[in-house]
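The values are calculated or read from the model by the stated rules, or taken from the named source; none is laboratory data. Worth saying up front: this structure is predicted, and the values here are computed from it rather than measured. Cβ coordinates were reconstructed from backbone atoms using ideal geometry, including for glycine residues, and neighbour counts include every protein chain displayed. Side chains are part of the model used for accessible areas, which takes the heavy atoms of the whole protein and leaves out ligands, DNA and RNA. Shrake-Rupley method; radii C 1.70, N 1.55, O 1.52, S 1.80 Å.
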2 protein chains.
Amino acid sequence: MQIDTLVKSPGCWLSMREDTGIVVSSRVRLARNIRDVAFPGWAGEGERVRVCRELRAVFDRTETMAGSLFLDMSELTALDKEILKERHLISHELAEKGAGSGLIVSEDEGISVMINEEDHLRMQAITPGMHLEEIWHGLDLLDSEVERGVGFAFDGRLGYLTACPSNVGTGLRASVMMHLSGLKLLDEAQAVINGLERIGLAVRGLLGEGTEASGNMFQISNQSTLGRSEGEIIAQLVCVVGDLVDHERHARARLFQQRRTFLVDHIGRAIGVALHARILSSREAVDLLSALRLGVDFGFITNLKARQINEIMLLTQPGHLQKMCNRILGPEERDQMRAGLLRDRLGEVKLRE
Amino acid sequence: MQIDTLVKSPGCWLSMREDTGIVVSSRVRLARNIRDVAFPGWAGEGERVRVCRELRAVFDRTETMAGSLFLDMSELTALDKEILKERHLISHELAEKGAGSGLIVSEDEGISVMINEEDHLRMQAITPGMHLEEIWHGLDLLDSEVERGVGFAFDGRLGYLTACPSNVGTGLRASVMMHLSGLKLLDEAQAVINGLERIGLAVRGLLGEGTEASGNMFQISNQSTLGRSEGEIIAQLVCVVGDLVDHERHARARLFQQRRTFLVDHIGRAIGVALHARILSSREAVDLLSALRLGVDFGFITNLKARQINEIMLLTQPGHLQKMCNRILGPEERDQMRAGLLRDRLGEVKLRE
């Protein structure tokens, strides 16, 4: 499989399988390093290349990842890297690296492994909907398979050792992407976020660390990886997410019952602009798609599926837009292409009150 | 004729006759006072009532205004006054007055006379499109007819005397309402306005003195009434308006040739929001209608006429909305009614590139 196949594949986790509701996706990642080998930030290029080769071989011998695609950071174009970032398969940091750093990714993109990012290994499982426990079990299995082939840096007292102290211990980061537009429309999202941060969870935007919540998408993850078992971390997040879903449902019920015109206005305007705009920024597009998603969730829009919205959200990002027309586009051209794509894909969308 | 007839009449100057382009309407008014009678602000109620009765009789004897509707300010509801203001037939000041103040208005609303506003008489002629000279001649004729029946306060050196020094001399205010959305979209309107103000013209918003320009509508009028003849005042305004029309046409040509996508985006979004919003403020409605008007002028919208837009602009104002459903509406209800009216009236509007 080549990157072009991957890009054209409809098997991307974001558009596949189920129609997601409030929880758009679940993600788990494990940070691991090889025992007695310098962390990537301290190793020379030769050592990083050697480690990468060895790790590829280890993954090739696992049942989970055998035959997966490997992408070498030194061989990818800037655009390909952009696309992988937009698909949540690589981080900004990995994209900056060259020889000796790469990505192993399963055909459905559900499991991916960054080699020589900040740590030797960053293994990720991602899936649409709320399935934290399932994907954690899958990733735990892969972790055990890998550990049979390579010794991990581990301290009896601290746990797994990582380049950044914030990952020491379990090396586990579990996160969910939630679509909290009910709370946002009622101006209650900030209070909820503050509450989450007080109990030690991190809240980020659609594109991860350092990004603002756009399109009413919030990524919620554990901050601490130390002092608790993997099971406890996952269980806390599952519990909090359950509460958040209840909060969001309650907000939506209030919108529907008490502020229906406001709600329909919000969704209707998004349809109107999506069908008629000729210029759309990334930011505005996700905001419109968020409103359409809410329309689908409420049943005001019946001829559109949440997974189609997920797909449009992916395809309208700058890298994907450029890949689609096979050339580098300036920001203005992208904004026009994006508007065209929304009109094409949403041409039949109607509001039913 | 009663006020209800007037309100329901399609003969209102704003929606009648021609499809207006850049110059939406022309208006001329004359301030006059009766010789040796106290100005309305100094007169007692009894005197104002007497003056009003006498003036009505004078107008009834003119060829122009015989048989016209008279509306007594003390007999009108707040809502009726609101409607008359929205139709540019009375001022905010006249609406505040009671017995002894009133309005005489011709059937097509093209000529109207406020009695006992700030001056004893404020006679106005208004018409769609650019017809300053024509309506000035009509109003001049009425002025002469009235002067045969009543002596005006006049000073050989100063000219006609008025309550406010700013009207002394000719008592003439000529104005045009212009739709300068090309200049506005190119961010050049402010420079043009500054230029107009430097040559002694006043620039106001859609609803006259003290209002902001909304919907890219600018009312341009002479400031000084003294030291020049009526003909000179009109001629200057005609000349300036001609220049402004050229400026605006040039701006539109640049938009069409150099920024077509931006232009189509602007018009398309307005269509999208107009057809889908459930809540619309007055301000947003006129902005949308301004964009639609531009779409009509450019031929991007073919199944809509400028006069229909003028009519919607009038009907979506708070007073007219309330008159249509015969009850007082709160601001939220009005915003919903307004959105409904736009959807109804614009249902068939499509963008053709």
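Tabulated results
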{"quantity": "Output for the range A:146-170, where each listed residue is open to solvent by less than 30 Å² (accessible area, probe 1.4 Å) and assigned to a helix (DSSP H, G or I)", "calculated": "A:146, A:167"}
{"quantity": "Test for residue A:50: is it open to solvent by 30 Å² or more (accessible area, probe 1.4 Å), modelled with pLDDT of 95 or more and farther than 28 Å from residue A:221 by Cα", "calculated": "yes"}
{"quantity": "Within the range B:310-339, considering residues that are assigned to a helix (DSSP H, G or I) and among the charged types (D, E, K, R), the one least open to solvent (accessible area, probe 1.4 Å)", "calculated": "B:338"}
{"quantity": "Conditions (1) at pLDDT 95 or above; (2) closer than 30 Å to residue A:141 by Cβ; number of the one not met by residue A:272", "calculated": "(2)"}
{"quantity": "Restricting the range B:340-353 to residues that are within 14 Å of chain A (Cβ to nearest Cβ) and open to solvent by 20 Å² or more (accessible area, probe 1.4 Å), the residue that is nearest to residue A:262 (Cα to Cα)", "calculated": "B:343"}
{"quantity": "The listed residue being touching a Lys or Arg at 6+ places or on another chain (Cβ under 8 Å) and either assigned to a loop (DSSP other than H, G, I, E, B) or modelled with pLDDT under 95 (or both), out of A:307, A:283, A:228", "calculated": "A:307"}
{"quantity": "Residues located in the range B:291-317, provided they are acidic (Asp, Glu) and either touching a Phe, Trp or Tyr at 6+ places or on another chain (Cβ under 6 Å) or farther than 17 Å from residue B:266 by Cβ (or both)", "calculated": "B:311"}
{"quantity": "Given (1) more than 14 Å from every other protein chain (Cβ to nearest Cβ); (2) closer than 22 Å to residue B:302 by Cβ, number of the condition residue B:224 does not satisfy", "calculated": "(2)"}
{"quantity": "Members of the range A:226-257 that are without any contact (Cβ under 8 Å) to a residue 60 or more places away in the chain and under 23 Å from the mean Cα position of the chain (by Cα)", "calculated": "A:231, A:232, A:235, A:236, A:239, A:240, A:242, A:243, A:246"}
{"quantity": "Pick from the range B:3-37, criterion open to solvent by 40 Å² or more (accessible area, probe 1.4 Å) and over 13 Å from residue B:129 (Cα atoms), ranking: modelled with the lowest pLDDT", "calculated": "B:10"}
{"quantity": "Odd one out for residue A:287 among (1) under 26 Å from the mean Cα position of the chain (by Cα); (2) more than 14 Å from chain B (Cβ to nearest Cβ); (3) acidic (Asp, Glu)", "calculated": "(2)"}
{"quantity": "Residue check for residue A:57: of a type in the set (A, V, I, L, M), open to solvent by 30 Å² or more (accessible area, probe 1.4 Å), farther than 23 Å from residue A:162 by Cβ and assigned by TED's automatic domain parsing to the domain that holds residue A:164", "calculated": "no"}
{"quantity": "Residue satisfying all of: in the range B:163-190; over 19 Å from the mean Cα position of the chain (by Cα) and polar (S, T, N, Q); modelled with the highest pLDDT among these", "calculated": "B:170"}
{"quantity": "Of all residues making up the range A:252-262, the number that are away from chain B (no Cβ under 12 Å) and either outside any helix (DSSP H, G or I) or open to solvent by less than 10 Å² (accessible area, probe 1.4 Å) (or both)", "calculated": "1"}
{"quantity": "Qualifying residue in the range B:205-216 (condition: out of contact with any Cys (no Cβ under 6 Å at 6 or more places or on another chain), over 27 Å from residue B:162 (Cβ atoms) and part of a helix (DSSP H, G or I))", "calculated": "no"}
{"quantity": "Answer residue from the range A:263-284, given it is open to solvent by less than 20 Å² (accessible area, probe 1.4 Å), facing another protein chain (nearest Cβ under 7 Å) and not β-branched (Val, Ile, Thr) and is farthest from residue B:332 (Cα to Cα) among those", "calculated": "A:277"}
{"quantity": "Residue pairs meeting the criteria (Cβ under 6 Å; at least 6 apart or on separate chains; first of a type in the set (S, T, N, Q), in the range B:127-149; second part of a helix (DSSP H, G or I) and surrounded by fewer than 21 Cβ atoms within 10 Å (Cβ to Cβ))", "calculated": "none"}
{"quantity": "Of all residues in the range B:219-243 being hydrophobic (A, V, I, L, M, F, W, C) and open to solvent by less than 10 Å² (accessible area, probe 1.4 Å), the one that is farthest from residue B:199 (Cα to Cα)", "calculated": "B:234"}
{"quantity": "Residue within the range A:297-308 that is more than 20 Å from residue A:84 (Cβ to Cβ), surrounded by 19 or more Cβ atoms within 10 Å (Cβ to Cβ), in contact with an Asp or Glu (Cβ under 9 Å, 6 or more places away or on another chain) and within 13 Å of chain B (Cβ to nearest Cβ) present", "calculated": "yes"}
{"quantity": "Selection from the range A:82-94 of residues that are touching an Asp or Glu at 6+ places or on another chain (Cβ under 9 Å) and either open to solvent by less than 30 Å² (accessible area, probe 1.4 Å) or of a type in the set (A, V, I, L, M, F, W, C) (or both)", "calculated": "A:87, A:88, A:89, A:90, A:91, A:94"}
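Per-residue answers, yes or no, for (1) out of contact with any Gly (no Cβ under 8 Å at 6 or more places or on another chain); (2) of a type in the set (Ser, Thr, Tyr); (3) over 17 Å from residue A:319 (Cβ atoms); (4) not in a loop (DSSP other than H, G, I, E, B):
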position: A:51; (1), (2), (3), (4): no, no, yes, yes
position: A:62; (1), (2), (3), (4): no, yes, yes, no
position: A:99; (1), (2), (3), (4): yes, no, yes, no
position: A:124; (1), (2), (3), (4): yes, no, yes, yes
position: A:127; (1), (2), (3), (4): no, yes, yes, yes
position: A:133; (1), (2), (3), (4): yes, no, yes, yes
position: A:137; (1), (2), (3), (4): yes, no, yes, yes
